[in-house]
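J.: Structure incoming, see below.
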Amino acid sequence: MASIGKALARARIARDLTQTELARRAGISRQALGAIESGAYHPGVAIAIRLARELGASVESLFGEIDDETSTLVDASWFDDERLPPALSQSHVALARVGGKVVAVAQPATHLTLVPAAGVLQRARRRHADIATFQLPDEIDATILMSGCDPAVAILVDWLARRRSPVHAVALSCSSRDALRAVVDGRAHVAGVHLRDQKSGEYNLAPISRALGHRRSIVVNFARWELGLATAPGNPLAIRGFADLERSGLRIVNREDGSGARSTLDQALGELGLQPQRIAGYQFEVGGHLEVAAAIAAGLADVGVTIRLGADAYGLHFLPHRDERYDLVIMEQEAESTPIKAMLDALNSRRFAREISQLCAYDTAQMGQIIPG
């Protein structure tokens, strides 16, 4: 507790703030802040987040436990799976102990799967519905709904399961704009957003402000990633950038309106003076980064805007366009809920950040950091 207080005091002094000033900004009393800095009181999640936001620091750096766990090397039996296409086998594996030996089995980075469901719709009427479910009330309360387009949410689901967390994350795949709508309407706990403001070049804050109005929210960084153009392996059509999309015979696969990828495409076309209606495939829309890559891998399109993770998952050629910041938006009143606490614990784990960085090629240096509004 004392070390936590010292870290908070050092961060406050580095920002040239008095206890009174920081307490006022964070919405707590000076006495409460003094108790935290002296080690007499450990703040709750909501207060910790507000203090971290005012100090421009991550919750982990101020209040988190030091997690010095690192990855380890395991000697495992290995069997090449010739049935997996080279583009999909890559280096991802499942590990288990079989017959007393650790066995590594190659896994595709993506695959079709049956999605578990909490219940079955029986009747719907306006904004109410009757659902037949086998879940207990505690199981429903322990579910976090995460809207957005980041495929890495699957790794968070796996992380919570491995840690035997009582919380279960459910991904609601949608565009950044629809993710914000879901949070505003109370249909999701979290909105994942990567929207660039064309005027300032800043990410997410202006679109979040427009969507939420005066509603109080917390914006937490998840990662930075590369967005660009994916093409067939080896780039056989020698595509060099957005200017080539008007080329005769070239077909693109697009994302839905309101997505960060669609916004990037439209901005690039506008800067080049290209008309969307003259781009073959502009109306061919799919619902996610992996879906863009899958369409190209299947030969349904020649090129599309996606993140590097999507291209890598399907063994595609990738032409980077720019780095983007992917943030998570949480309504402030949800900050103390059990599902949100579990998610924030994961984001403030160095081990989880390293796992996301290694498996997804994301920059997780700022993961868990509060983005000042």
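J.: Taking region 45-57 only, how many residues are at pLDDT below 80 and either of a type in the set (Ser, Thr, Tyr) or touching a Lys or Arg at 6+ places or on another chain (Cβ under 9 Å) (or both)?
T.: Residues meeting the conditions: 1.
J.: Another question about this same structure. What do you reckon, is Leu344 assigned to a helix (DSSP H, G or I), among the aliphatic types (A, V, I, L, M) and open to solvent by 60 Å² or more (accessible area, probe 1.4 Å)?
T.: Details: assigned to a helix (DSSP H, G or I): yes; among the aliphatic types (A, V, I, L, M): yes; open to solvent by 60 Å² or more (accessible area, probe 1.4 Å): no.
The answer is no for Leu344.
J.: Okay, moving on. Quick one: in region 268-283, which of the residues that are open to solvent by less than 20 Å² (accessible area, probe 1.4 Å) and within 19 Å of Asp323 (Cα to Cα) is farthest from the chain's Cα centre (by Cα)?
T.: Looking at the filtered set, the residue picked out is Leu269.
J.: Additional query: Out of the residues in region 7-35 that are at pLDDT below 80 and not in a loop (DSSP other than H, G, I, E, B), which is farthest from the chain's Cα centre (by Cα)?
T.: Only one residue tops the list, namely Gln31.
J.: Within region 62-82, identify whether any single residue is acidic (Asp, Glu) and either at pLDDT 80 or above or surrounded by 15 or more Cβ atoms within 10 Å (Cβ to Cβ) (or both), and answer yes or no. Break it down stepwise before answering.
T.: First, the residues of region 62-82 that are acidic (Asp, Glu): 65, 67-69, 75, 80-82.
Applying the additional criterion that residues be either at pLDDT 80 or above or surrounded by 15 or more Cβ atoms within 10 Å (Cβ to Cβ) (or both) yields none.
Looking through region 62-82, none of the residues is acidic (Asp, Glu) and either at pLDDT 80 or above or surrounded by 15 or more Cβ atoms within 10 Å (Cβ to Cβ) (or both).
J.: Further question: I want to confirm something. Restricting to region 349-370 and keeping residues that are in a loop (DSSP other than H, G, I, E, B) and touching a Leu at 6+ places or on another chain (Cβ under 7 Å), which single residue is farthest from Arg53 (Cα to Cα)?
T.: First pass over region 349-370, keeping only residues in a loop (DSSP other than H, G, I, E, B): 349, 361-362, 364-368.
If we keep only those that are touching a Leu at 6+ places or on another chain (Cβ under 7 Å) too, we end up with 361, 367-368.
Numbers: Ala361: 26, Met367: 13, Gly368: 11 Å.
The selected residue is Ala361.
J.: Moving on to the next point. Name the residue, out of Leu265, Leu309, that is in contact with a Pro (Cβ under 7 Å, 6 or more places away or on another chain) and crowded, with 16+ Cβ neighbours inside 10 Å. Give the steps one after another, and end with the answer.
T.: Working: Leu265 fails: in contact with a Pro (Cβ under 7 Å, 6 or more places away or on another chain).
Only one candidate qualifies: Leu309.
J.: While we're looking at this one, here's another question. In region 133-187, which helices (runs of 4 or more DSSP H) lie fully inside it and hold 3 or more residues that are open to solvent by less than 30 Å² (accessible area, probe 1.4 Å)? Full working, then the answer.
T.: Working: elements: 137-141, 153-162, 176-184.
Here the list reads 153-162, 176-184.
J.: Here's a follow-up. Output the number of the condition that Gly249 fails; it satisfies all remaining conditions of (1) modelled with pLDDT of 95 or more; (2) surrounded by fewer than 22 Cβ atoms within 10 Å (Cβ to Cβ).
T.: (1)
J.: Test Pro108 against the criterion of being at pLDDT below 90, in contact with a helix residue (DSSP H, G or I) (Cβ under 7 Å, 6 or more places away or on another chain), surrounded by fewer than 18 Cβ atoms within 10 Å (Cβ to Cβ) and within 30 Å of Arg262 (Cα to Cα), and give yes or no. Spell out how you get there, then give the answer.
T.: Numbers: at pLDDT below 90: yes; in contact with a helix residue (DSSP H, G or I) (Cβ under 7 Å, 6 or more places away or on another chain): yes; surrounded by fewer than 18 Cβ atoms within 10 Å (Cβ to Cβ): yes; within 30 Å of Arg262 (Cα to Cα): yes.
Yes, satisfied.
Here is a yes/no grid of residues against (1) at pLDDT 90 or above; (2) among the aromatic types (Phe, Trp, Tyr); (3) closer than 19 Å to Gly368 by Cβ:
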| position | (1), (2), (3) |
| --- | --- |
| Ile155 | yes, no, yes |
| Ala161 | yes, no, no |
| Arg164 | no, no, no |
| Val193 | yes, no, yes |
| Ser200 | no, no, no |
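J.: List the residue pairs whose Cβ atoms are under 6 Å apart, where the first residue sits in region 153-178 and is closer than 30 Å to Arg210 by Cβ, the second is in a loop (DSSP other than H, G, I, E, B) and of a type in the set (A, V, I, L, M, F, W, C), and the two are 6 or more positions apart or on different chains.
T.: Correct list of pairs: Leu172/Ala188; Ser176/Leu195.
J.: Here's another thing I want to ask about it. Out of Ser248, Ser263, I need the residue that is out of contact with any helix residue (DSSP H, G or I) (no Cβ under 6 Å at 6 or more places or on another chain) and free of Cβ contacts under 8 Å to residues at least 60 places away in the same chain. Which one?
T.: Ser248
The values are calculated or read from the model by the stated rules, or taken from the named source; none is laboratory data. Remember, it's a predicted structure, so these values are computed and weren't measured experimentally. Don't worry about glycine lacking a Cβ; one is built from the backbone with ideal geometry, like all the others, and counts go over all protein chains shown. Ligands, DNA and RNA are stripped out before the accessible areas are found, and what is left, the full protein with its side chains, is counted by its heavy atoms. Shrake-Rupley method; radii C 1.70, N 1.55, O 1.52, S 1.80 Å.
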